[in-house]
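Scroll down for the structure; my scribbles are underneath it.
The values are calculated or read from the model by the stated rules, or taken from the named source; none is laboratory data. What you see is a predicted model; the values in this text were computed from it and never measured. All Cβ positions, glycine included, derive from the backbone under ideal geometry; neighbour counts span all protein chains shown.
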Amino acid sequence: MRWVSKFDDLSPYRDSEGDKGTFSLEGATGFLRRQSLAIFGTLFVFFILGQIYCVVATRNYTASAAVFIDPRMVDPFQKDANPGGFDSETPLLNSQLEIIKSERVAFSVIEKLDLEKDPEFASPNLSLIGNLLQLVTGIFNRRSEDAKYILKREVVRTFESRLKVKRQTLTYVFEIDFDSINPAKAAKIANAIANAYIHDQLEARKETNKIGNLWLQERLTELRDEALRTDHAVQLFKRENGIVNTGHGLINEQQLVEKNTQLSLATQNVAESKTRLDRIMEVIQTGAGAGMGNISDALKNDVTTRLRLQYVDVAKREAEISAKYGANHIAAVNARSEMREIERNIFDQLRQIADSYKSDYEIAVNRQKAVQNEIDKLVQQAASMDELSVQLRQLESAAQASRALYDNFLQKFIESTQRQSYPIPDARVITAATPPLSPSWPRKMLIIPGSILSGLILGMAVGLFREKVDGVFRTSAQVEAVLAVEMLGVLPQLRQSDLLAQDPNDKNKSPGSHDIVLPDCGSLNYAVKNPFSLFARTLRNAKVVADIKARDGAKKGKTDCKIIGIVSALPNEGKTLIASNLAHLIANAGEKCVLIDGDLHNPTLSRFLAADAKAGLVEVASGTATMEDVLRQEPSIGLLLIPAVVSSRISDSNEILVSDGMRSGLERLRRNFSYIIVDLPPLVPIVDAKASAHLFDGFILVIEWGKTNRKIVSETLKGASAVYEKLIGCFLNKVEVSAMRKFEHHHDDHYRHLYYEEYG
């Protein structure tokens, strides 16, 4: 026999064919219907808890102050384009955010507002774990100094937990939020934090400038000494090497320039003297006395001027005489002689001038040579001063650099001193905090939806957990999937008035009678009394299946299906009710049927239908009575009953059921009746059904809906293979129809009898 067990694979999301592992809308809606109580119950509990929390929770108020860090607030003594050191770079602005949240600012506000004495900060409401930690730390820290330190740290931790600072996106504005149980206190602390941050900026800048000034003073002293030392080195070098600077350069360079100028003038004088000398010598050599008019010195000489005037007068007279008396006239001859004498005197004067020109020329030449010699000496001196000039320039450059560096640091020192006396912060408060009108916590608009969502999520989780741990049979598909047995149908839970409620000692019974006495409105013949009910129609399916099995068996040469045992895995699953109603339906249909109470441990049928019987199945099995002797009949439909009369507990009931008397009695009944329905004990605690399985043609398994564990039934049938092999099918009994619709919603109309209303 091959067993199919799918117990571990069953999923709450299954369709009508039993497909598993895939999500479907029908499966999800079915899950919601099945677990609606758990889901909405959890949701309701969380909703109530959220409401309670909103009522009892401590109200916190959040005050907000806005601080603007202005990079354009320029210090009048600051030459940098960005004096505050801030720009649009995120790391720099994030650094300012951390400064606002720093312990330095926190300590400043705590000290200023004396928050260490405020119960809200000094004794905050701690959780259970926080109280335990505080107790433990108090044991190991007994000194007052440690207690003060711990108190201070606790105040700071509480302060920081209530402070939130965030930067408004793409701006230089920081929003400072502070929570407190008092709205005025929240606003006061938020403003104090903003002011403490600005004050901290000023103090930090002041401290920085102070440290910078001290360093600048020390550095200025060093630079001043260095500048004096380099200047002294330049002067000493000049003195040792005879280098004199007149303010326009070195003296030898200035002298060389002057001498070059003198040389140029001397050269010019030589040229002029030579020209004058050459001209007068040309006049003297050519005898052209009249040409002396081109000689400037001759014109300036008084003697030469008189001689020339005389010469002109005599020449004029001689011309007149020659014209009047002839050229040979004695007066003309004398005049010409006088002219020659005057001309000779003129040339004597020219020679004297020529001698003077020659002397001037010689003087000019000598002066030119002297100047040239001096220039040559200066050039030699300049060549020897080149190496000294290089060293001098190096010393002067070092001295100039030292002086420039000293002047620069001196200017910085002056500016720093001015900034120190002119403090300008880079931040300012643009929105002061005001006491909030409404609390920021608890936020009902957040808590209530959050509690509803949490309740819904947890409710879904609870529902899924219940589905996962639900190990009972709920649907026909589960029965067929787990047991691989044909499902005969689902039997609804009968009304309370139809249950087994009548006392066996009821006065309606006929003492000493051999008839079956049914309880009034009892459930043992419910199917006969309500033939159009779902219970009756479903139960008839067992007879139909048994008939089909009998026909199939006849075709294969097997025995027909007449002896049918009604079994269940566990007690109280309703097998007795089904056995009785099935037998009543068969007998009511005109078939010859015998109902046997085979449950020797709990003969319920016998107690209710034949309470006065003196003999029964035990006597037949033992041979002390025949089947005919113990038969009881129901008069209206002709149903026969073989009761089980048990006076005490029987330990070997299985031996009774497999006895020869029992076997022979069943064979006689097979020959005379169409159906023999046997109510057998449960399979789990008792082995009667398993031991007598060879005497039966088939078995019908009864499973209680919503209670019988799937794994128990599966394992029980594995251990009772003889019963399993002859199973005709099984019933799901005691089904809550309204609840069943949550598991097999596609059968809603079927469970509501809509298909049978026109036939009812």
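Tabulated results
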read-out	value
Among the candidates 625, 583, 587, residue that is surrounded by fewer than 24 Cβ atoms within 10 Å (Cβ to Cβ) and not basic (Lys, Arg)	625
Filter result for residue 403 (in contact with an Asp or Glu (Cβ under 8 Å, 6 or more places away or on another chain), surrounded by fewer than 17 Cβ atoms within 10 Å (Cβ to Cβ) and modelled with pLDDT of 85 or more)	no
Unmet criterion (only one of (1) more than 24 Å from residue 117 (Cβ to Cβ); (2) among the hydrophobic types (A, V, I, L, M, F, W, C); (3) under 32 Å from the mean Cα position of the chain (by Cα)) for residue 216	(3)
Selection count where residues are at pLDDT 75 or above and either among the hydrophobic types (A, V, I, L, M, F, W, C) or in a helix (DSSP H, G or I) (or both), scope region 93-145	26
From 575, 614, residue being in the same structural domain as residue 689 (by TED's automatic domain parsing) and within 28 Å of residue 711 (Cα to Cα)	575
Scan of region 157-175 for residues that are under 12 Å from residue 100 (Cβ atoms) and of a type in the set (Phe, Trp, Tyr), ordered by number	174
Residue that is modelled with the lowest pLDDT [pool: residues in region 691-722 that are buried (at least 23 other Cβ atoms within 10 Å of the Cβ) and closer than 15 Å to residue 484 by Cα]	710
Selection within region 590-609 - closer than 23 Å to residue 664 by Cα and buried (at least 23 other Cβ atoms within 10 Å of the Cβ)	593, 594, 595, 596, 597, 598, 599, 600, 603, 605, 606
Residue in region 437-490 that is farthest from residue 35 (Cα to Cα), counting only those that are polar (S, T, N, Q) and under 32 Å from the mean Cα position of the chain (by Cα)	438
Breaking point among (1) surrounded by fewer than 17 Cβ atoms within 10 Å (Cβ to Cβ); (2) modelled with pLDDT of 85 or more, for residue 538	(1)
Extreme residue, modelled with the highest pLDDT, among residues of region 406-427 that are of a type in the set (D, E, K, R) and within 21 Å of residue 199 (Cβ to Cβ)	426
Residue within region 700-708 that is farther than 30 Å from residue 469 by Cβ and touching a strand residue (DSSP E or B) at 6+ places or on another chain (Cβ under 9 Å) present	no
Residue among 668, 632 that alone is basic (Lys, Arg), surrounded by 20 or more Cβ atoms within 10 Å (Cβ to Cβ) and modelled with pLDDT of 85 or more	632
Extreme residue, surrounded by the most Cβ atoms within 10 Å (Cβ to Cβ), among residues of region 183-226 that are modelled with pLDDT under 85 and small (Gly, Ala, Ser)	212
Close pairs (6 angstrom Cβ cut-off, 6 or more residues apart or separate chains): more than 15 Å from residue 96 (Cβ to Cβ) in region 184-204, assigned to a helix (DSSP H, G or I) and among the β-branched types (Val, Ile, Thr) anywhere	192/109
So residue 490, is it modelled with pLDDT of 90 or more and either in a loop (DSSP other than H, G, I, E, B) or out of contact with any Phe, Trp or Tyr (no Cβ under 6 Å at 6 or more places or on another chain) (or both)	no
Answer residue from region 37-62, given it is in contact (Cβ under 8 Å) with a residue 12 or more places away in the chain and farther than 16 Å from residue 447 by Cβ and is surrounded by the most Cβ atoms within 10 Å (Cβ to Cβ) among those	39
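Residue-by-condition table, conditions (1) of a type in the set (Gly, Ala, Ser); (2) in contact (Cβ under 8 Å) with a residue 60 or more places away in the chain:
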site: 673; (1), (2): no, yes
site: 677; (1), (2): no, yes
site: 685; (1), (2): no, yes
site: 694; (1), (2): no, no
site: 702; (1), (2): no, yes
site: 721; (1), (2): yes, yes
site: 735; (1), (2): no, yes
site: 738; (1), (2): yes, no
